[in-house]
Amino acid sequence: MKLEKLGSDQWFTDHANELCGSEQGIARITAVDRGRYILRNEDGEVPAELTGKFLYSAESTIDLPCVGDWVCVKYHDSGKFAGIHTILPRKSFLHRKTPGKNIEFQMIAANIDAAFIIQSCHFDFNVRRLERYLVMVNDGHIEPLLILTKIDLIRPDELEQLIMKIRQSGIDTRIIVVSNVTGAGIDEVNKIMLSGKTYCLLGSSGVGKTTLINQLTVGHNKLKTKTVSGTGEGRHTTARRQLIILEQGAMIIDTPGMRELGILGAGDGVDDSFADIHELSLGCRFKNCAHNNEPGCAVLMAVENGKINEKHYQNYLKLKKESEFYEMSYLEKRKKDKAFGRLIRSVKKHKKK
């Protein structure tokens, strides 16, 4: 398989010529599982690990490879194993705040052309969560698409009401409705996916991500799924992130369901995802208007007049505040880490004297 079919282009080639050593080639990360890597080159898949120099130079988890990354590698044992030396710059990315109290980035995937944000029409449907996913996708410079699954479990008029709720929140993202039971909508998804392009599935556990991939996959390379509960609610299946090449040549990245979706340093992503509010904010009296209680706030006026949905507005404030708070905490943490590193180097230098 040519590297172009794996998503490479002149942009990656130019960076590879600049960053890779003379004895190194480039390959794409197709799976990550507990620090172990699988990469793909022209000849097939190869297991790989990070070199000691790479690990030593990485200052943050964001510096480590993730699924979809292009990397400079050196092969060993006649090409049966590889050492990862460098990550090529990312065209696009998906990351979130790490779950729990630790304030750090967690890379999910990279170099994605479009992301399918999947919600079930039955149990999982939540406009506020959808807005959170949109912030993450837009912040990573990825085209968002929305898939509503399990339409066979609700009436047509109920489906129209769900779509109306999305549109009333100012979300104009393309919506595709799908049933993994009847196959409705699968052809539409297939037509969107182009050869050599990379797509990603995002959504909570049990919304039908893995089943959808199996609908798109022809042949025997089916992913394991679990039966739904008696109420129609899905169960968690995917345990690791992996890149899958479909028959038509498109690539799709399946990801485990996310219980926590913390927003870290995604100011532009918030503005892009709440474009209606951002556009209104240009008419505020003050350039630094926070849209809380400032006089002459165009956003507050639109909320009062019913032009902006109240819950949509409140979620905008919440995500903006969350992103800014975590970013400040993250930057403060990085400053402390660097200061501690300088202290350690100073002590070592003093001991040598």
**Request:** Give segment 83-103 a look and list any residue that's at pLDDT below 80, buried (at least 18 other Cβ atoms within 10 Å of the Cβ) and not basic (K, R), or say none.
**Result:** I103
**Fill in**
Taking segment 176-206 and keeping residues surrounded by fewer than 16 Cβ atoms within 10 Å (Cβ to Cβ) and touching a strand residue (DSSP E or B) at 6+ places or on another chain (Cβ under 6 Å) leaves E188
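Condition check ((1) over 28 Å from M328 (Cα atoms); (2) part of a helix (DSSP H, G or I); (3) not polar (S, T, N, Q)) across all residues:
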| site | (1), (2), (3) |
| --- | --- |
| S8 | yes, no, no |
| A16 | yes, yes, yes |
| R28 | yes, no, yes |
| C66 | no, no, yes |
| G83 | yes, no, yes |
| H95 | no, no, yes |
| I108 | no, no, yes |
**Complete:** In segment 30-45, anything touching a Lys or Arg at 6+ places or on another chain (Cβ under 7 Å) and assigned to a strand (DSSP E or B) is listed as T30, A31, V32, D33, L39, R40
**Prompt:** Yes or no: K150 in contact with a His (Cβ under 8 Å, 6 or more places away or on another chain), closer than 24 Å to A184 by Cβ and of a type in the set (K, R)?
**Reply:** yes
**Prompt:** Inside segment 59-97, can you point out the residues that are touching a helix residue (DSSP H, G or I) at 6+ places or on another chain (Cβ under 7 Å) and of a type in the set (F, W, Y)?
**Reply:** W70
**Message:** Could you go through segment 112-135 and let me know if any residue there is free of Cβ contacts under 8 Å to residues at least 40 places away in the same chain, in a strand (DSSP E or B) and under 22 Å from the mean Cα position of the chain (by Cα).
**Reply:** no
**Message:** Return the pair list, or none, for Cβ contacts closer than 8 Å from residues in segment 160-174 that are charged (D, E, K, R) and assigned to a loop (DSSP other than H, G, I, E, B) to residues that are at pLDDT 95 or above and surrounded by 15 or more Cβ atoms within 10 Å (Cβ to Cβ), at least 6 apart or on different chains.
**Reply:** R174/L145; R174/L146
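Can you list the helices (runs of 4 or more DSSP H) found entirely within segment 255-353 that contain at least 2 residues being modelled with pLDDT of 80 or more, aliphatic (A, V, I, L, M) and at negative phi?
Result: 275-281, 298-304, 310-352.
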**Prompt:** Which one of these does D157 not meet: (1) under 29 Å from A109 (Cα atoms); (2) exposed (fewer than 14 other Cβ atoms within 10 Å of the Cβ)?
**Reply:** (1)
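The values are calculated or read from the model by the stated rules, or taken from the named source; none is laboratory data. Keep in mind that what you see is a predicted model, and the values were worked out from it rather than measured. Every residue, glycine among them, receives a Cβ derived from its backbone with ideal geometry; neighbour counts consider all protein chains shown.
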